[in-house]
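Chemist: Just passing along the structure, written as structure tokens.
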Amino acid sequence: MSWNRKHLLDIESLTPEEIITVLDTARAFKAVGERAIKKVPALRGKTVVNLFIEPSTRTRISFELAAQRLTADVINFSAEASSLKKGETLKDTARNLEALNADIIIIRHSATGAPHFLSRFLNACVVNAGDGAHEHPTQALLDTFTIREKKGKIAGLNVTILGDILYSRVARSNIWALLKLGARVTLCGPSTLVPRVFEQMGCRVSYNVDEAIADADIINLLRIQHERQRKSMFPSLGEYVSLFGLNKKRLALTKPDALIMHPGPINRGVEIDSEIADCRRSVILDQVTNGLAVRMAVLFLVNGGKGPQEVGAS
Amino acid sequence: MPESTLILNASAIQRALMRIAHEIAERNDASSEVVLVGIQRGGVTLARRLSALLAGIWSHPVPTGSLDVSMHRDDLDRRLSPAMHPTVIPFDVTAKTVVLVDDVLFSGRTVRAAMDALNDFGRPKRIQLAVLIDRGHRELPIKADFVGKNVPTALAENVHVQLGETGGADAVHLEKP
């Protein structure tokens, strides 16, 4: 058992053993979700704040349900309805939440490093739910959990991440997690969205989809992050679909047991053909189910990471 | 180097388990209502052994499961989060006599957590407790129904139960710091 962290800020700083600890713990919490009574008292009396400065539905709901299944009280805080609109700084907002005795603050923010910033002055645990184009650690944990569950292992697998890599925090967190666990990672997409600089992380970069997915055990599709692109990164959506979209013809070239993943929300007819999204090789909905278990595990573990300090205090 | 005293050897453990199995059989006339649930980690192996012994006495298999109590502990914000082990209860505990099995009974807090955790799976008719070693120092009003051996201990001492299934020979040692 190796987890003594109070925060989950990114995957980059985790050891392979810490990642495995989260995945093992998540397996136990997944079993809880399959029972008639899906709730355990592990975070009874704790207050969890969803501090979502950038809009999100699925991640927020997943964290909210995870906290509730652990018997914590949950407050949802969204930017639109908050004093941030009235000019309050992030630091002041977070301090105010802590003054309400929040134990765990889950933050999503459009700025890279926002969770790290909070962790420097808050006593509460901080969990990164996505910071800009930097990292989205729980997404990478649920993706690796799903891969391990379906394939029985991660080391030695060929994982191809296809799409908008440059603006994707999901891609960065996944690359870190997969490489730490011994997978081979290939990145593919338009050259403007998949710069060669990713080779320095230890990935293979390809601009030919058919070649990139031929040996893949896992094909992870990413959405085009229009909201982050400051300028047009490729000529047209139609061209993207014809050059990089996953369709039946391309799927026929892949290994018959290659799995298709997508962090959602999916754009049917763009990065993925509608039929493929619903086919048996698609594990997109398993990812959603597993996301809940992984987030329960993360909340459970960071809560314990605070433990020794409290013992010292008592 | 801590001083270690052998309390039970392999044959003494075997005799203790056989006696516990007979006591469980004597206490429970309706053998078909009895299920065993071992508490992770030490209780799981013992529950499997008791299950085999009871199956021999009753001439029918006795449903056996395992229970991890980590999520129900009362000290979760005072320590690092514990490692999780599988909870597998492949039967309905409602209206059954559940015999919880653990290796060492100490403060009683693990047993309290186990009773809470068991409630999430149904409403047993009754819960009984079988332990290989009762070392005293209870912090809760909990008492075992079946005890392999009572061992008076000092708080700082440690009782180490080693079973063949997890490596080494069967043995129980009392370790002084």
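Chemist: Taking segment A:39-48 on its own, how many of its residues are more than 9 Å from chain B (Cβ to nearest Cβ) and in contact with a Phe, Trp or Tyr (Cβ under 9 Å, 6 or more places away or on another chain)?
Modeler: 1
Chemist: Identify, please: which residue in segment B:55-90 is in contact with a His (Cβ under 9 Å, 6 or more places away or on another chain) and in a helix (DSSP H, G or I) and is, among those, nearest to B:LEU17 (Cα to Cα)?
Modeler: Top of the filtered list is B:ILE57.
Chemist: Would you check if there is a residue in segment B:64-78 being touching a residue at least 12 places away in the same chain (Cβ under 8 Å), surrounded by 22 or more Cβ atoms within 10 Å (Cβ to Cβ) and away from chain A (no Cβ under 14 Å)?
Modeler: yes
Chemist: Taking segment A:48-68, which residues are in contact (Cβ under 8 Å) with a residue 60 or more places away in the chain, part of a helix (DSSP H, G or I) and of a type in the set (Val, Ile, Thr)?
Modeler: The one that is in contact (Cβ under 8 Å) with a residue 60 or more places away in the chain, part of a helix (DSSP H, G or I) and of a type in the set (Val, Ile, Thr): A:THR59.
Chemist: Determine which member of the set A:THR71, A:THR25, A:THR93 is more than 25 Å from A:ILE266 (Cβ to Cβ), of a type in the set (Ser, Thr, Tyr), in contact with a Lys or Arg (Cβ under 7 Å, 6 or more places away or on another chain) and surrounded by 15 or more Cβ atoms within 10 Å (Cβ to Cβ).
Modeler: Going through A:THR71, A:THR25, A:THR93 in turn, just one is more than 25 Å from A:ILE266 (Cβ to Cβ), of a type in the set (Ser, Thr, Tyr), in contact with a Lys or Arg (Cβ under 7 Å, 6 or more places away or on another chain) and surrounded by 15 or more Cβ atoms within 10 Å (Cβ to Cβ): A:THR71.
Chemist: In the list B:VAL111, B:VAL101, B:VAL93, which residue meets the criterion of being among the hydrophobic types (A, V, I, L, M, F, W, C), closer than 29 Å to B:ASP29 by Cβ and in a loop (DSSP other than H, G, I, E, B)?
Modeler: Every option except B:VAL93 fails the conditions.
Chemist: Here's another thing I want to ask about it. Would you be able to tell me the number of residues in segment A:1-38 that are within 11 Å of chain B (Cβ to nearest Cβ), charged (D, E, K, R) and assigned to a loop (DSSP other than H, G, I, E, B)?
Modeler: Adding up the residues that qualify gives 5.
Chemist: In addition: Do you know which residues across segment B:31-48 are crowded, with 17+ Cβ neighbours inside 10 Å, assigned to a helix (DSSP H, G or I) and more than 11 Å from the chain's Cα centre (by Cα)?
Modeler: none
Chemist: Can you say whether A:ASN101 is touching an Asp or Glu at 6+ places or on another chain (Cβ under 7 Å) and not basic (Lys, Arg), as far as the supplied structure shows?
Modeler: So A:ASN101 fails the test.
Chemist: Please specify each residue of segment A:168-179 satisfying the condition of being buried (at least 21 other Cβ atoms within 10 Å of the Cβ) and of a type outside the set (S, T, N, Q).
Modeler: If we filter segment A:168-179 for residues that are buried (at least 21 other Cβ atoms within 10 Å of the Cβ), which is where we start, we get A:168-178.
If the condition is that a residue be buried (at least 21 other Cβ atoms within 10 Å of the Cβ) and of a type outside the set (S, T, N, Q), then A:ARG169, A:VAL170, A:ALA171, A:ARG172, A:ILE175, A:TRP176, A:ALA177, A:LEU178 are the ones that fit.
Chemist: Those residues that are crowded, with 17+ Cβ neighbours inside 10 Å, assigned to a strand (DSSP E or B) and not small (Gly, Ala, Ser), I need them from segment B:126-148; list them, please.
Modeler: B:ILE127, B:GLN128, B:LEU129, B:VAL131, B:LEU132, B:ILE133, B:ASP134, B:PHE146, B:VAL147
Chemist: Mind checking whether some residue in segment A:75-92 is over 23 Å from A:ARG228 (Cβ atoms), touching a helix residue (DSSP H, G or I) at 6+ places or on another chain (Cβ under 9 Å) and modelled with pLDDT of 95 or more?
Modeler: Checked against the condition, which is being over 23 Å from A:ARG228 (Cβ atoms), touching a helix residue (DSSP H, G or I) at 6+ places or on another chain (Cβ under 9 Å) and modelled with pLDDT of 95 or more, segment A:75-92 yields no hits at all.
Chemist: Pairs, please: C-beta under 8 Å, at least 6 apart or cross-chain, first residue among the polar types (S, T, N, Q) and in segment B:151-172, second crowded, with 18+ Cβ neighbours inside 10 Å and in a helix (DSSP H, G or I)?
Modeler: Sorted first by the residue in segment B:151-172, then by its partner, the pairs are B:THR166/B:THR45.
Chemist: Scan segment B:7-30 and tell me whether some residue there is in contact with a strand residue (DSSP E or B) (Cβ under 6 Å, 6 or more places away or on another chain) and assigned to a strand (DSSP E or B).
Modeler: yes
Chemist: Further question: So, of the residues in segment A:69-83 that are assigned to a loop (DSSP other than H, G, I, E, B) and within 14 Å of another protein chain (Cβ to nearest Cβ), which turns out to be nearest to B:PRO82 (Cα to Cα)? Write out each step before concluding.
Modeler: Narrowing segment A:69-83 to residues assigned to a loop (DSSP other than H, G, I, E, B): A:70-72, A:82.
Next, only the ones that are within 14 Å of another protein chain (Cβ to nearest Cβ) stay: A:70-72.
Values: A:LEU70: 15, A:THR71: 18, A:ALA72: 18 Å.
Filtering segment A:69-83 for residues that are assigned to a loop (DSSP other than H, G, I, E, B) and within 14 Å of another protein chain (Cβ to nearest Cβ), the one nearest to B:PRO82 (Cα to Cα) comes out as A:LEU70.
Chemist: In segment A:29-50, is there at least one residue being over 23 Å from B:ARG79 (Cβ atoms), in contact with a strand residue (DSSP E or B) (Cβ under 6 Å, 6 or more places away or on another chain) and buried (at least 21 other Cβ atoms within 10 Å of the Cβ)?
Modeler: Scanning segment A:29-50, I find at least one residue that is over 23 Å from B:ARG79 (Cβ atoms), in contact with a strand residue (DSSP E or B) (Cβ under 6 Å, 6 or more places away or on another chain) and buried (at least 21 other Cβ atoms within 10 Å of the Cβ), so the answer is yes.
Chemist: Counting just the residues of segment B:81-96 that are surrounded by 19 or more Cβ atoms within 10 Å (Cβ to Cβ) and aliphatic (A, V, I, L, M), which one comes out nearest to A:LEU23 (Cα to Cα)?
Modeler: It comes out as B:MET84.
Chemist: Mind checking which pairs have a first residue in segment A:207-229 that is within 17 Å of A:LEU166 (Cα to Cα) and without any contact (Cβ under 8 Å) to a residue 40 or more places away in the chain and a second that is among the polar types (S, T, N, Q) and assigned to a helix (DSSP H, G or I), Cβ under 9 Å, 6 or more apart or different chains?
Modeler: none
The values are calculated or read from the model by the stated rules, or taken from the named source; none is laboratory data. Remember, it's a predicted structure, so these values are computed and weren't measured experimentally. Neighbour counts run over all protein chains shown; Cβ positions are idealised from the backbone, glycine included.
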